[in-house]
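Undergrad: Structure provided below as structure tokens; questions to follow.
The values are calculated or read from the model by the stated rules, or taken from the named source; none is laboratory data. Every value quoted in this text rests on a predicted model; they were computed, and no experiment measured them. Backbone-built Cβ (ideal geometry, glycine too); neighbour counts: all protein chains shown.
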Amino acid sequence: GQQVMQIPQYQHVQEGEDFTTYCNSSTTLSNIQWYKQRPGGHPVFLIQLVKSGEVKKQKRLTFQFGEAKKNSSLHITATQTTDVGTYFCADNQAGTALIFGKGTTLSVSS
Amino acid sequence: ETGVTQTPRHLVMGMTNKKSLKCEQHLGHNAMYWYKQSAKKPLELMFVYSLEERVENNSVPSRFSPECPNSSHLFLHLHTLQPEDSALYLCASSQGSGSTDTQYFGPGTRLTVL
């Protein structure tokens, strides 16, 4: 079945450093949604990318959708301790529900 | 607060018990979902309901039985569970079940099966 791979699985950074997580698929992605789950919390929607090559920004977060719609990335500039959590990408190719990646867990030390 | 509530937040049960998880959404959405989140695994979709009809059942064992009496409520009935069923069970809702619909998650029920 369709799989969405995320790398890295874990990332530790010093506060102020940048962070990037990548989402890859062997098949063309329909659209990509990104979610963040804080420790002990539940996934919260961040953004959706639909168009090939799309780039969206939310303050220090930059989301990209690859030209071939087979990959996506989330980049955080100058991380803060509030960025801690697990970031999931998800695709809805099946049309009825999201296929989630395993997530990238970010830890930040001050 | 996302407008999706789940009860109970924590549940400990024996393998012979029967219990139910409840989810309620106050967003006027038409689709509701059950997910299972285990350690070191991706979120696993269990069931999808759209307009109170089950539209997807992802090969979930029959010891999990969903019920959607109306578009605002979703239940997951549990019986004779196994220890490996211990996980965080998340409910979500979306306006529709289409490919661009954002999902809103509840806080989850942390289930421990002894």
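Undergrad: Scan segment B:62-85 for residues that are among the small types (Gly, Ala, Ser) and surrounded by 19 or more Cβ atoms within 10 Å (Cβ to Cβ) and report the count.
TA: Of the residues in that region, 0 qualify.
Undergrad: Output the residues belonging to segment B:101-114 that are facing chain A (nearest Cβ under 9 Å) and either in contact (Cβ under 8 Å) with a residue 60 or more places away in the chain or touching a helix residue (DSSP H, G or I) at 6+ places or on another chain (Cβ under 7 Å) (or both).
TA: Those that are facing chain A (nearest Cβ under 9 Å) and either in contact (Cβ under 8 Å) with a residue 60 or more places away in the chain or touching a helix residue (DSSP H, G or I) at 6+ places or on another chain (Cβ under 7 Å) (or both): B:Asp101, B:Gln103, B:Tyr104, B:Phe105, B:Gly106, B:Pro107, B:Gly108.
Undergrad: Among the residues in segment B:80-98, are any of a type in the set (Phe, Trp, Tyr), under 23 Å from A:Phe45 (Cα atoms), modelled with pLDDT under 95 and assigned to a strand (DSSP E or B)?
TA: No, that holds for no residue.
Undergrad: Something else: On the basis of being of a type outside the set (Ser, Thr, Tyr) and touching a Ser or Thr at 6+ places or on another chain (Cβ under 7 Å), does B:Phe64 make the cut?
TA: For B:Phe64, the condition - of a type outside the set (Ser, Thr, Tyr) and touching a Ser or Thr at 6+ places or on another chain (Cβ under 7 Å) - is not met.
Undergrad: Among the numbered conditions (1) within 10 Å of the chain's Cα centre (by Cα); (2) within 19 Å of A:Phe100 (Cβ to Cβ), tell me where A:His75 comes up short.
TA: Here A:His75 clears every test but (2).
Undergrad: To continue, here is another question. Mind telling me which of the residues B:Val12, B:Val55 ends up being modelled with pLDDT of 95 or more and of a type in the set (A, V, I, L, M)?
TA: B:Val12 is the lone residue from the list that is modelled with pLDDT of 95 or more and of a type in the set (A, V, I, L, M).
Undergrad: Mind checking which residues of segment A:65-110 are polar (S, T, N, Q), assigned to a strand (DSSP E or B) and out of contact with any Lys or Arg (no Cβ under 8 Å at 6 or more places or on another chain)?
TA: A:Asn71, A:Ser72, A:Ser73, A:Thr104, A:Thr105, A:Ser107, A:Ser109
Undergrad: For segment B:86-100, name all the residues that are at the interface with chain A (Cβ under 8 Å from one of its Cβ atoms), surrounded by 18 or more Cβ atoms within 10 Å (Cβ to Cβ) and over 27 Å from B:Met15 (Cα atoms).
TA: B:Ser97, B:Ser99
Undergrad: Ok, one more. Would you please list the contacts, defined by Cβ atoms under 7 Å and residues six or more apart or on different chains, that run from a residue in segment A:97-110 that is without any contact (Cβ under 8 Å) to a residue 40 or more places away in the chain and over 17 Å from A:Gln14 (Cβ atoms) to a residue that is surrounded by fewer than 21 Cβ atoms within 10 Å (Cβ to Cβ) and of a type outside the set (Lys, Arg)?
TA: A:Ala97/B:Glu56
A quick yes/no check of all residues on (1) among the hydroxyl-bearing types (Ser, Thr, Tyr); (2) crowded, with 19+ Cβ neighbours inside 10 Å; (3) under 19 Å from B:Asp101 (Cα atoms):
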| site | (1), (2), (3) |
| --- | --- |
| A:Ile7 | no, no, no |
| A:Val13 | no, no, no |
| A:Tyr22 | yes, no, no |
| A:Leu29 | no, yes, yes |
| A:Gly41 | no, no, no |
| A:Val44 | no, no, yes |
| A:Leu49 | no, yes, yes |
| A:Lys57 | no, no, no |
